[in-house]
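The next block holds one structure in the form of structure tokens; read it before the comments.
The values are calculated or read from the model by the stated rules, or taken from the named source; none is laboratory data. Because the structure is predicted, anything quoted here is derived from the model rather than measured. Glycine also receives a Cβ, built like all others from the backbone with ideal geometry; neighbour counts cover every protein chain displayed.
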Amino acid sequence: GQQVMQIPQYQHVQEGEDFTTYCNSSTTLSNIQWYKQRPGGHPVFLIQLVKSGEVKKQKRLTFQFGEAKKNSSLHITATQTTDVGTYFCAGNSGGYQKVTFGTGTKLQVIP
Amino acid sequence: SQTIHQWPATLVQPVGSPLSLECTVEGTSNPNLYWYRQAAGRGLQLLFYSVGIGQISSEVPQNLSASRPQDRQFILSSKKLLLSDSGFYLCAWSGTAYNEQFFGPGTRLTVL
């Protein structure tokens, strides 16, 4: 079955440093989604990428979809304590009514 | 706007007891509905999903079952809970072919 891996599993950064998490799928994806889960909370949908090579920005967050549509990245510029949480990618292979979630990257920001 | 409800928020149950968790969605019609489980500090495991009333797809064999008696209602059940059933149970809905997941607040289940 489809597998979606994320690296790193954990990341500790000083406040103000940049952060990147990478997402890799074993199969080609029709689209990829990113979610954020704050400690003790539920995952919240952030964004979706559909086109090969697509780049989208949300304030300090930059999302990229790979040319082969098998990988993606999320980059946060100048992290803040409000960025703390676990970031999940989720891939949709198309033709299925479900997505496969990545293993997640837990971000800790040190003030 | 769409809203998803789950209850209860927390639940402590003895081993061998039954379980019923309910999820309802407001503000949309014919959504796809999903049940996930998340063990402490772990990722999201898809348990069941439904594309319509009475239609259930099971992703993981286990002692849980799901039902969708109404368009916007999704129920997760068990006849006898196991210790390994402890976790954070999340219901989600999706309304497009891209299957973006919109999660409810979740139920934290502890089986003792």
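Restricting to the stretch A:31-43, count the residues that are more than 7 Å from every other protein chain (Cβ to nearest Cβ) and assigned to a strand (DSSP E or B).
Looking only at the stretch A:31-43, we keep the residues that are more than 7 Å from every other protein chain (Cβ to nearest Cβ), and these are A:32, A:34-41.
Narrowing the set further to residues that are assigned to a strand (DSSP E or B) leaves A:32, A:34-37.
Of the residues in the stretch A:31-43, 5 are more than 7 Å from every other protein chain (Cβ to nearest Cβ) and assigned to a strand (DSSP E or B).
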Could you please give the count of residues in the stretch B:74-91 that are out of contact with any Gly (no Cβ under 7 Å at 6 or more places or on another chain) and surrounded by 16 or more Cβ atoms within 10 Å (Cβ to Cβ)?
7
On the phi < 0 side of the Ramachandran plot, assigned to a strand (DSSP E or B) and not acidic (Asp, Glu), is that true of B:Ser50?
yes
Going through the stretch A:12-30 one residue at a time, which ones are among the polar types (S, T, N, Q) and either surrounded by 22 or more Cβ atoms within 10 Å (Cβ to Cβ) or within 14 Å of chain B (Cβ to nearest Cβ) (or both)?
A:Thr21, A:Ser25, A:Ser30
Per the list (1) within 9 Å of chain A (Cβ to nearest Cβ); (2) under 18 Å from B:His5 (Cβ atoms), residue check on B:Val25 breaks on (1)
Test: residue in the stretch A:84-97 that is within 22 Å of A:Gly1 (Cβ to Cβ), surrounded by fewer than 13 Cβ atoms within 10 Å (Cβ to Cβ) and modelled with pLDDT of 95 or more
no
Applying the selection to the stretch A:44-79, what residues are in contact with a Ser or Thr (Cβ under 9 Å, 6 or more places away or on another chain), free of Cβ contacts under 8 Å to residues at least 24 places away in the same chain, outside any loop (DSSP other than H, G, I, E, B) and not charged (D, E, K, R)?
A:Leu49, A:Val55, A:Leu61, A:Thr62, A:Gln64
Single match in B:Pro69, B:Pro18 (criterion: exposed (fewer than 12 other Cβ atoms within 10 Å of the Cβ), touching a residue at least 24 places away in the same chain (Cβ under 8 Å) and not small (Gly, Ala, Ser))
B:Pro18
Looking at this structure, is A:Leu46 more than 14 Å from chain B (Cβ to nearest Cβ) and under 11 Å from the mean Cα position of the chain (by Cα)?
no
Kindly indicate whether B:Glu59 is within 12 Å of another protein chain (Cβ to nearest Cβ) and over 15 Å from the mean Cα position of the chain (by Cα).
no
Residues in the stretch B:12-25 that are touching a Lys or Arg at 6+ places or on another chain (Cβ under 7 Å) and assigned to a strand (DSSP E or B) total 2
Out of the residues in the stretch A:47-83 that are crowded, with 18+ Cβ neighbours inside 10 Å and aliphatic (A, V, I, L, M), state the one that is nearest to B:Gly95 (Cα to Cα).
A:Leu49
Run down A:Thr20, A:Thr86 and say which single residue is in contact with a His (Cβ under 8 Å, 6 or more places away or on another chain), assigned to a strand (DSSP E or B) and among the β-branched types (Val, Ile, Thr).
A:Thr20
Hits in the stretch B:64-112 - residues which are away from every other protein chain (no Cβ under 13 Å) and part of a loop (DSSP other than H, G, I, E, B):
B:Asp71, B:Arg72, B:Lys79, B:Lys80, B:Leu81, B:Leu82, B:Ser86, B:Leu112
